[in-house]
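Here's the structure we're looking at; comments come further down.
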Amino acid sequence: MKLFIKHTIIAFLGSLIFIPSCKKDEGKDATNPTTINAQEQITTVIIKGYDQNNPSNTFFVKWEDLDGAGGAIPTIDSLKVDSGLIYLSSILLIDKTQTPWDTISNEVETEKNVHQFFYTLSQTLNGKAKFDILDYDNNTPALPVGLSFQLNTHSGTQYSLPLSGSLKVVLSHYDGIPKTTTPSPESDVDITFPVVLK
Amino acid sequence: MIALCLFAGSTFSQNVKLLYTLKITVKDSITGTFLEDATVTLTKHSHAHLTNQKGEAIFDTLRAGHYHFACTYIGYHSYESTLELPGQQRITVFLCPENYHLHETIIEGNGNKLTPTYSVQATTILNQSQIEKMRGQNLGELLKNVNGVTTLNTGPGIAKPVLRGLHSNRLVTLNNGVRQEEQQWGNEHAPAIDPFAVNKVEVIKGAASVEYGPEAIGGAIRLSPRAYPTTNGVEGEIALQGFSNNKQGSATALLQGTHFKQQQLSWRAQGTLRKAGDSRAPDYVISNTGFDEQNGNISAVYTYKKLQVEAFMSVFNTTIGIMRAAHIGSLTDLENAIQSDKPLIIKPFTYSIGKPYQQVWHETQSIRLSYQFTALGKLELQASRQLNSRQEYDLGVSWNPQSLTHTKPAYDLTLTTYTYDGVFEHKKWKNIIGKIGGSVMHQSNYTDGTQKTLIPNFIANTYGVFIFEKWVKGRWSAELGSRFDKRDQTIYQRNSKNEIVTQSRNYQRATAIVGGSYSFTEKLKLSSTFSSAWRPPSINELYSNGLHNGTATYEIGDSNLVPEKSYNLDINLKYQHTKWVIETSVFRNSISDFIYQLPVQPPTITLRGTFPTFMFTQTDVVMQGAEVNVSYSLSKHFITTGAISYLHADDVTHNQPLIYMPSNRSKLGVQYQTNSLWKVEHFFAEINWQYVAEQKRIPTNMDYKNPPPAYNLFDANIGFEIPVKNQHIKVSASAKNMFNVSYRDYLNRFRYFTDEPGRNFIVRLTIPFQLFRGTNASTNH
């Protein structure tokens with residue numbers, strides 16, 4: 001009996017060594033790396049607008065970084081607008097790594113209750129131009145979204161033209177925290193365009 | 001049993017009286033014959049007895065308590081250990097003849113022995129009783145109790161050991177004899193080791209490549225499991241802990257046994273659960289810092305005559321939250337987060353772990369065989385396999401809840417490692433002992449995930465051979481060792497056309513150690529070593545190219561980096577007198593081609609702002625410092641301890657301090673202990689004060705925020721044992737950060753965002769039990 005127990009224990013413990021491991025690395029051949037899956041990302045930000053009194057007077061600027069962070073540096077257009085006008089404007093976010101291109105701004109529209117764009121002009125343009133957001137979300141009370149807006153370059157004070165500065169565009173998202181009218185701690189977009197007021 | 005040099009077998013007696021009789025029997029480990037006239041001393045109590053012709057030394061009228069004892073006999077290696085009364089009233093000590101075997105230091109207990117550290121290099125050991133006082137914490141926090149070790153933290157839950165300023169790929173960790181291989185290059189990648197499975201810690205300070213291979217630039221950490229039971233039977237232990245700060249609960253259950261006489265079989269099985277919610281700083285909850293961990297290990301050792309075989313398997317599985325407010329997407333977010341004096345995202349306490357989080361699985365299988373050749377020496381062979389699977393989940397894109405970025409990990413890294421080691425310890429020849437060995441390591445990494453690759457796939461093979469000889473005569477000892485290692489590494493990547501491109505790198509280097517020691521008296525010993533080590537560049541240093549969340553930096557690797565070379569001089573002085581123990585270590589570690597990150601221009605412009613850009617580059621550094629440990633017995637019951645560690649690290653090429661070096665610190669403690677107090681035994685109470693200085697030595701313009709100010713922490717521990725039948729139920733409690741101080745530590749990567757955790761009350765309960773006892777309980781060999 002004792003011998004039996006002894007051999008059973010030895011056989012049991014011996015067999016433990018050969019238990020196949022719980023996790024496998026099979027199918028993970030290091031010499032055959034996975035194909036590059038283009039992750040969902042924003043490659044291109046476009047802001048366009050037209051003079052509400054003269055729709056043929058338009059602007060179109062693009063911030064684009066097709067290879068994502070790092071690598072080739074992004075191409076950034078300058079935003080050139082006339083002073084004393086009101087431009088009806090919108091912003092577009094596009095993922096050009098997808099085929100066909102994915103319009104991320106449509107998804108932001110769907111998720112507008114937890115997103116907001118913030119447009120901030122540099123000091124030199126303070127009081128000379130402003131952004132008035134036109135679209136609102138479904139929160140109660142409704143809060144601004146910023147996919148469409150008025151770029152108002154009308155100002156009562158006198159200044160000499162052209163005037164240059166910059167525009168910072170931040171897309172905040174409110175994840176797990178209530179949306180407010182101030183930027184969240186988490187930004188999806190944080191880019192800057194040069195601006196010239198003609 | 002012959003494979004063991006010597007060990008102590010202890011037995012239990014059911015005496016429950018105030019005074020005890022202790023019988024120590026001394027035998028020859030090879031022949032098993034009794035040794036007459038061997039000296040057995042109970043050092044603390046100045047008892048010394050010679051053994052009779054039955055090899056026995058008998059001590060009467062001893063009180064309950066812990067005793068330190070030593071056995072010496074001419075021509076044999078001496079043996080020192082501790083025992084406990086009641087409990088270990090009969091002990092058999094096997095002394096090993098000097099002309100037969102090599103070891104000077106022997107790890108006590110039964111089971112397959114890991115080859116001990118040979119060198120006289122500075123080594124600090126944490127033993128079981130010290131570790132038990134700190135049970136329940138992660139491995140990094142445990143190692144922090146060694147003077148000279150600090151931690152590199154990522155929030156409250158992730159801690160990596162830092163030894164004399166060096167960490168990650170600059171340290172080698174041996175877990176139960178197997179070189180731990182995970183994605184250790186990552187600052188936020190904590191060691192995937194079950195802290196409950198560790199019963200002994202040895203920290204070897206300074207360059208140690210000869211014994212531990214490449215990467216041991218800063219030293220090595222050896223972790224040993226519990227010893228197998230020395231007496232036949234089956235026993236076990238259940239340990240439970242509760243932590244107030246993060247409402248952590250942890251439990252471990254252990255079962256182990258020893259059977260048979262001639263063909264002895266010992267085994268052990270252990271399972272651990274640890275679960276914690278969010279940690280709290282004194283003023284707020286540090287959101288998303290909980291963890292959920294399950295670990296287990298089983299092992300068995302079979303001994304037959306001169307052969308011993310041990311098989312070991314372990315699994316570590318954890319899900320660990322990364323503090324939400326530290327997940328930085330853009331530079332503006334970082335600036336805002338740093339400006340705020342508290343985290344920008346604070347939620348109510350929860351156990352649930354949200355994104356971002358890490359999911360880590362680490363499994364190890366090893367088999368070790370040792371054979372004692374009567375005439376030649378001892379051969380040890382070991383083979384192991386490790387699989388490390390690490391998934392890091394990111395927040396996912398905010399505009400599309402259905403996106404794959406929400407369901408798939410951003411990084412999914414699978415690292416498989418096979419190691420093969422062989423060591424031959426030759427028999428003592430004249431006054432020389434020594435060993436010779438070789439090792440092979442094969443490693444492959446597979447990278448997946450939704451983010452741009454952090455590190456590429458790679459296959460690496462490392463080969464090493466070494467020899468280490470030590471001469472001992474009288475008060476003198478001298479040692480000499482050398483090693484040669486070679487690493488061949490090839491990466492596999494896809495380019496923009498989806499073609500596979502490869503790049504190979506070969507690194508090789510010889511290292512050496514020379515050292516010696518001299519004992520002026522029995523109380524005063526001086527030792528010194530000069531050793532070298534090297535480290536090939538790690539995979540991220542060579543190839544990383546991307547945005548690093550959390551630090552908000554863009555990191556660029558350099559595939560032309562050359563290995564780091566380290567030369568370490570260590571001088572140690574140890575003084576032991578009746579009431580005093582003073583240990584001093586001074587060191588100078590100079591590392592050439594030290595790899596670090598240098599800010600480069602221009603910064604990287606991305607959709608999420610303009611990020612500072614760092615490139616891996618090399619420089620020469622010198623790290624100098626000292627550690628002092630002092631303990632003084634005020635009386636029979638009171639002991640005071642003090643420790644100081646000092647580090648001065650410079651980039652000598654650029655003549656400026658090195659970044660991210662731990663600040664200097666000191667510790668002072670008072671302990672009260674008594675063998676019996678009221679109805680409990682082994683009562684202890686202690687209070688410790690730690691002072692951590694501000695790190696004032698930093699390079700300019702390399703960091704977002706200056707190092708935090710100095711801080712003082714007070715901890716208290718109390719514990720005792722309740723005798724129940726033959727067992728002792730252990731109860732202990734701790735208060736960490738007793739005064740609920742708000743502080744930040746320079747080496748916490750999240751010090752930009754949050755304070756460290758506040759006050760933490762810990763209670764621990766350990767219940768040992770015996771299922772049945774073998775028939776041959778008196779001796780087992």
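The values are calculated or read from the model by the stated rules, or taken from the named source; none is laboratory data. Quick caveat, the model's predicted, so the values are computed rather than measured. Every residue, glycine among them, receives a Cβ derived from its backbone with ideal geometry; neighbour counts consider all protein chains shown. The area values use the complete protein model at the heavy-atom level, side chains included, leaving out ligands, DNA and RNA. Shrake-Rupley method; radii C 1.70, N 1.55, O 1.52, S 1.80 Å.
Annotations
- Gain in span if fully extended, B:LEU273 to B:SER482, counting 0.36 nm per residue against the direct Cα distance: 71.0 nm
- On the beta carbon distance between B:TYR672 and B:LEU404, with R0 = 56 Å, the FRET formula returns roughly 0.40.
- Divide the volume of the convex hull around the Cα atoms of region B:154-311 by the residue count and you get 128 Å³ per residue.
- Value of [θ]222 nm, deg cm²/dmol, for the protein assembly as shown, DSSP H segments ≥ 4, -39500 (n - 2.57) each, nearest 500: -1500 deg cm²/dmol
- Net charge in the neighbourhood of B:ARG505 (other residues with Cβ under 9 Å of its Cβ; Lys, Arg +1, Asp, Glu -1) is 0.
- Sequence-distant aspartates and glutamates (8 or more away, or on other chains) whose Cα lies within less than 14 Å of B:LYS725: B:GLU681
- Shape call, region A:32-89: gyration tensor on alpha carbons, a/c limit 1.5: prolate
- Carbon + sulfur, % of accessible area of region B:354-478 - ligands and nucleic acids excluded, 1.4 Å: 65
- For the listed residue pairs B:LYS486/B:LYS565; A:LYS96/A:LYS179; B:LYS305/B:LYS378; B:LYS144/B:LYS667; B:LYS144/B:LYS705; B:LYS347/B:LYS408, the alpha carbons are over 18 angstrom apart in A:LYS96/A:LYS179; B:LYS144/B:LYS705; B:LYS347/B:LYS408.
- Backbone N within region B:434-448 under 13 Å of label point (7 Å from B:TYR463 Cα along the Cβ vector): B:438-442
- Placing +1 on the Cβ of every Lys and Arg and -1 on the Cβ of every Asp and Glu, with no other charges, gives chain B a dipole of roughly 1260 debye about its Cα centre.
- Heavy-atom accessible surface of region B:120-247: percent carbon and sulfur, 1.4 Å: 49
- Cα-projected label distance for B:ALA716 with B:PHE769, points at 7 Å along beta-carbon direction, nm: 3.3
- Rg ratio for region B:694-781: its Cα radius of gyration over 2.2 N^0.38 Å, N being its residue count, equals 1.91.
- Label zone of B:ASN701 (point 7 Å out along Cα→Cβ, amide N under 19 Å): in region B:639-681 this covers B:651-660.
- When region B:322-427 is reduced to its Cα atoms, the Kirkwood hydrodynamic radius in Å: 18.4
- Selection from B:VAL692, B:ASN506, B:VAL763 lying farthest towards where the dipole of chain B points positive, charges on Cβ: B:VAL763
- Within the straight-line cut-off of under 20 Å between alpha carbons, the lysines reachable from B:LYS523 are B:LYS44, B:LYS473, B:LYS574, B:LYS579, sequence neighbours fewer than 8 places apart in one chain being disregarded.
- From the Kirkwood radius over Cα pairs of region B:539-634, Stokes-Einstein at 25 °C and 0.890 mPa s returns a whole-number translational diffusion coefficient of 146 µm²/s.
- Put a dot 7 Å past the Cα of B:VAL514, heading toward its Cβ, do the same for B:ILE238, and the two dots end up 5.9 nm apart.
- Cα centre as origin, Lys/Arg/Asp/Glu Cβ charges: the protein assembly as shown dipole, Debye: 3340
- Among the trypsin sites (Lys or Arg not before Pro) in region A:125-176, none is located in a DSSP loop while being surrounded by at most 11 other Cβ atoms within 10 Å of its own Cβ.
- Here's the list of lysines a cross-link from B:LYS23 could span, going by alpha-carbon distance under 16 Å and ignoring same-chain residues fewer than 8 apart: B:LYS54.
- In this simple spin-label approximation, B:ASN495 and A:LYS80 carry label points 7 Å from Cα along the Cα→Cβ vector, and these lie 3.9 nm apart.
- For a label point 7 Å along the Cα-to-beta-carbon line of B:TRP580, residues of region B:495-532 with backbone N under 17 Å: B:520-526
- Largest first, the three principal axis extents of the alpha carbons in region B:445-529 are 71, 24, 13 Å in whole numbers.
- The A-B contact accounts for roughly 4900 square angstrom of buried accessible surface, both chains included, probe 1.4 angstrom.
- Average accessible surface for chain B: 39 Å² per residue, computed with a 1.4 Å probe over protein heavy atoms with every protein chain in place.
- Between the residues B:GLN359, B:SER330, B:VAL234, the greatest Cα displacement towards the positive end of the dipole of chain B, with unit charges on the Cβ of Lys, Arg, Asp and Glu, is found for B:VAL234.
- Net lengthening on full extension, B:LEU376/B:ARG759 (0.36 nm per residue, minus Cα-Cα): 132.2 nm
- In region B:321-363, burial by the other protein chains removes 40 Å² or more of accessible area from B:ARG324, B:THR332, B:ASP333, B:ILE345, B:TRP361, compared with the chain on its own (1.4 Å probe, ligands and nucleic acids ignored).
- Remark: the protein assembly as shown is approximated by an ellipsoid whose semi-axes, taken from the C-alpha gyration tensor as √(5λ), come to 60, 29, 27 Å, largest first.
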